[in-house]
Structure formats: structure tokens, C-alpha cells
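The values are calculated or read from the model by the stated rules, or taken from the named source; none is laboratory data. What you are looking at is a predicted structure, and each value in this text was computed from that prediction instead of being measured. FYI the Cβ positions are ideal-geometry reconstructions off the backbone, even for glycines, and counts take in every protein chain you see.
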Amino acid sequence: MLLISNKDDLGHIYRTFNADICSKFYPPQTSCMISKFDNTEIAFRYQSDKDLALARILFLSMHSPIITKVGSAITQRALKAHFPIKRLIKNTIYKIFCGGETLDEAALTARKIGKHRVGVILDYGVEGKETENQFDSATNEFIKAINFASSEPNIPFLSLKVTGFARFALLEKISNGDALSEHEFEEWEQACNRIERICLAAFESNLMILIDAEETWIQEAVNDITEKMMERFNKKRAIIFNTYQMYSWGTLPFLKLAFANALKKGYVLGAKIVRGAYMEKERARAIEKGYTDPIQPNKEATDRDFDLALLFCLENIDKLSLFIGTHNELSCIKIVSVMQARQILPANSNIYFSQLYGMGDNISFNLANAGYNVSKYLPYGPVDDVIPYLMRRAQENTSVAGQTSRELELINQEIKRRRRK
Ligand SMILES: Cc1cc2nc3c(=O)[nH]c(=O)nc-3n(C[C@H](O)[C@H](O)[C@H](O)COP(=O)(O)OP(=O)(O)OC[C@H]3O[C@@H](n4cnc5c(N)ncnc54)[C@H](O)[C@@H]3O)c2cc1C
């Protein structure tokens, strides 16, 4: 169960939350329970000793920026030169962060974590496709995945990137408000049809679709199609979710507007709240092109808007569905605290927590153990196709100013605990 808090914990949370808003439902004198995510026995119980030892070696290697940089470069070159390293990748980094090459393999992973009340968000990890044929076959693959997931008890969500079904340059043109040629117009219609087919299949199977947020300069097109899909399929409950990146200073008002529009048009907003993954790229482009940086001035501002977005959603939780994607333990503790203070049950069917497969297991499995709805993003697909995803995970886990990463610290703790048994 949840671990007990005391007033000091509460004061700390309160201070780091937005005081004005928080005090509405979370007065500092209130004493309640909060979650701590340091129970490694619960966090790693789905992992064998062997799996954990492998994870330790990998996180230890990724911890070094030099090893990560050199390792990434060598891997990419070796794959280009057709060196037989796929098996090595599949048995190491792929095993840590991906579900499997096929749906059947991914289902085995889903069942393994499902035993501990943790669900799966299937994420077909193929990226960077550009032709109509590739988009059509991605659509078929996606619908196959929906049919597959509907027969599995533990896969409530699938995630979708609009760039998997339409050319990036086309999305950019639409987002810019540029005039489209006749051919481009048809292309966009095709892309919308693909996404609509997918959303309809999910709707008919009672599964939910999370539409990822990507670079801000294509987001207008992504938001446009996502809102249309929400309007069509979210009449009774949220089937389609849009993603709101709180590292952008324009997102909080946009979220509130999206909610107001949903109420006006009579559908349920599906709001996936994240901080945002493309900060460096966004900043570099803004400088290069000479426009105002869309990103918040600092991390504190991102954290503030992230908190405010969550509070806004929790305040309106009877009228929207909230999906929280974060590895930040304090953010999760804050949400849990507000839920407790507002007497929102952990298993409320409008609130979902999520972390990536292979990361933040301490958050996912401890939350799930306490009765919260939790799912892991589980990429699957051929080894070659998920390499860019794996490289991003490796970079994300390199050391910050020489600190031992939180993942490594927890793995070490669990290995020690098992040895002591
Ligand atoms: C399940 C799941 C789904 C996701 N889906 C998406 C998605 O669809 N689209 C997407 O873009 N990302 C997505 N992400 C990634 C997410 O946006 C974050 O990049 C990642 O989770 C790290 O943020 P955090 O909240 O976990 O942790 P933290 O470590 O607390 O936050 C790190 C984040 O803070 C922000 N930040 C850091 N430094 C600064 C600074 N100086 N100024 C302003 N902001 C700063 C950045 O967004 C950075 O990624 C997803 C993550 C998860 C777990």
C-alpha cells in the first residue's frame, strides 16, 4: 500500500506546488497519505535476477556520456554496413526498452507486467517513413494491432504519431497556413482518412488512442485532425486523447480552450499531459529562423504549468479524461496528494498514469500496487526500425553532472535487497 507521509512531506509538496491554486483543495494543515516510489521489491518484481543484472550493466554503460556517444555511433555504422549485430541489440538494449518484434512477442511482455496490474500502450515504433505506400502499410499494421489488442485483457491504449501517416513537410505546410496544391490537398485527405480508419477501429474495439505531440511547427495540423477525431469519437467517453506539452508557454491557455470547445461541442476531452520532448530542437529552430522561442524560459516555468494543467484537469475530472506521462516522482506524488485531498479514488476511470517501458518502474508498479491506473508505453517492431527510439532512450539516461541515475540507483538497491534475502 501507500507509504505514510508526515507534515514535513506535505509542506514540501505544498511549497513546490502552485500555492494559489493548490490551496483551493489542499490546505497545508491537512494530513493525508502520499506515495513514495522507493519500494524496489514492488518495482522490479516482474524482473528475474538475470534481467535485473542485464539492466544494471546497460544503465551503467548509458550512464557514461562517452560510452553512449561512441556506442550509438558504432551501432548506427554497424547496422548500415549490415554487420550481424541485430541479435546483440535485441538481447540487450532492445530487451530493456521494447516489447518485441511482433505483436505476439509484445503480448508476452504485456502479460508479464499485467500480472502486477500494469497495462500496456502499444506503440508501433517505426519512424521516419515518407511514402504513401509506407503510410498505407503503417495503417494496416496499426489496425492489425488494434484487433490484436482488443483480444488482450491488458492493452487499453495504442499510441499514434501523425507523422507515421503523413509527410512531415506536408504537416508543416498546413501548420504554417500555406496554400496546398491539388496533389497536396489529396495527400492530406488520404492522411486524414487513414487516421479516421484507425480511430474508428479503436472506437469499435473500445480501445483508446493517444495522439502524440511532436514539433510545434507541425502541431497545428496534428491538433486539427485530433480535435476532429475527438469530436467524432468522444461523445460518451474519451477514446481519442490529444497531447499537451507544458514546456511550451502557449499550451496552458490552449488546453483550457480545448476543454471549453469540447464542452461547447458536446464531447469529452482526452488530455494527455507531458512536459515535452523536443526542447533543444525547438530552441535551435527558433534562433535559426528568428522567431520567439515557444519554450518556457526555464524548467521551473515548465513545472509550474505542468502542475497547473494537472490541477485544471483534476478540477474538471468529471468532464474530461486525464492521462499523465511523466517520470518525475514529485509530479506523481503531487497528483496523488490532490486526488486524496479531493477524495478522488485511485481507480477513477478518468485518470491514467504512464511511464515508458524500461523506465520509471518504481513509479509505475508502486502506483499500480496502490490501485491507480497505470500503463507502460511499449514500443514494438523490427530492431532496425526502433533504433532511433533506442538511441533517444540511451541519451536520456546518460549521467547528469556525474550523478548516478535514479534508474541505476534503484536497480542497485534491488540487487542488494535480493542478495540479502
Ligand atoms: C508515457 C509518456 C508519453 C510521452 N509522450 C510524449 C509526447 O507525445 N510528446 C512529447 O513531446 N513528449 C512525450 N513524452 C516525453 C515527455 O514530454 C518528457 O520529455 C519526459 O517524460 C521528461 O519529462 P518528465 O516529466 O518525465 O521529467 P522531468 O525530468 O521533470 O522533466 C524534464 C523535462 O522538463 C522540461 N525542461 C527541462 N529543462 C527545461 C528548461 N531549461 N526550460 C524549460 N523546460 C525544461 C523538458 O520538457 C524536459 O523534457 C512522453 C513521456 C512519457 C513518460
Of everything in the stretch 171-214, what is closer than 22 Å to residue 126 by Cβ, free of Cβ contacts under 8 Å to residues at least 40 places away in the same chain and either hydroxyl-bearing (Ser, Thr, Tyr) or more than 16 Å from the ligand (Cβ to nearest atom) (or both)? Give them in sequence order. 188, 192, 193, 196, 200
Tell me yes or no: at least one residue of the stretch 136-155 is at positive phi and touching a residue at least 40 places away in the same chain (Cβ under 8 Å). no
Where residues in the stretch 133-179 are in contact with a strand residue (DSSP E or B) (Cβ under 6 Å, 6 or more places away or on another chain) and part of a loop (DSSP other than H, G, I, E, B), which of them is nearest to residue 116 (Cα to Cα)? 154
Collect the residues in the stretch 46-89 that are part of a loop (DSSP other than H, G, I, E, B) and either free of Cβ contacts under 8 Å to residues at least 12 places away in the same chain or surrounded by 15 or more Cβ atoms within 10 Å (Cβ to Cβ) (or both), keeping them in residue-number order. 46, 47, 48, 63, 81, 82, 83, 84, 85
Among the helices (runs of 4 or more DSSP H) contained in the stretch 309-421, which hold 1 or more residues that are touching a Leu at 6+ places or on another chain (Cβ under 8 Å), touching a residue at least 12 places away in the same chain (Cβ under 8 Å) and of a type in the set (S, T, N, Q)? 329-341, 361-369
Flag if residue 273 is away from the ligand (no atom under 15 Å from the Cβ), closer than 18 Å to residue 211 by Cα, of a type in the set (Val, Ile, Thr) and at pLDDT 95 or above: no
